[in-house]
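**Q** Have a look at this one.
Rule-based calculations on the coordinates, nothing more; no lab input. The shown structure was predicted, so the numbers you read here are calculated from the model rather than taken from an experiment. Every residue, glycine as well, gets a Cβ built from its backbone with ideal geometry; the counts of neighbours run over all protein chains shown.
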Amino acid sequence: MRYIPNSPEERQEMLAEIGLSSADELFRSIPADVQLGRPLKITDPLAEPEVISAMEEMAKRNTAATKPSFLGAGVYSHFSPFKDSGVSNIN
């Protein structure tokens, strides 16, 4: 799904539809001590191919992805007999 940003006019129209005049009013129920209180530190807008390229570069730094993973290997019904104090247990 692609992200399609809304124009300032469209945002105002949506806010007006729910009886608000600003995004600040929309988020007024969020306590001030948990709000960021500053603009996000983000890059300038990027074209989709630039974003994909940047994400691929970040993924290359994920060294865990280059190591083998044995998670889930062998997790299935299996026969495990053992004897303990004369009691036999079969899973």
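**Q** Can you compute 3J(HN,Hα) from phi for each residue in region 38-45, using the Karplus curve 6.51 cos²θ - 1.76 cosθ + 1.60 with θ = phi - 60°, rounded to whole Hz and x for Gly and Pro?
**A** With coefficients 6.51, -1.76 and 1.60, one gets 7, x, 5, 8, 10, 6, 5, x Hz.
**Q** Let me ask another. How far apart, in nm, are the 7 Å Cα→Cβ label points at F70 and E56?
**A** 3.3
**Q** Something else about it: Using per-residue counts of other Cβ atoms within 10 Å, averaged over each peptide, order 10-22, 51-63 from highest down.
**A** 10-22, 51-63
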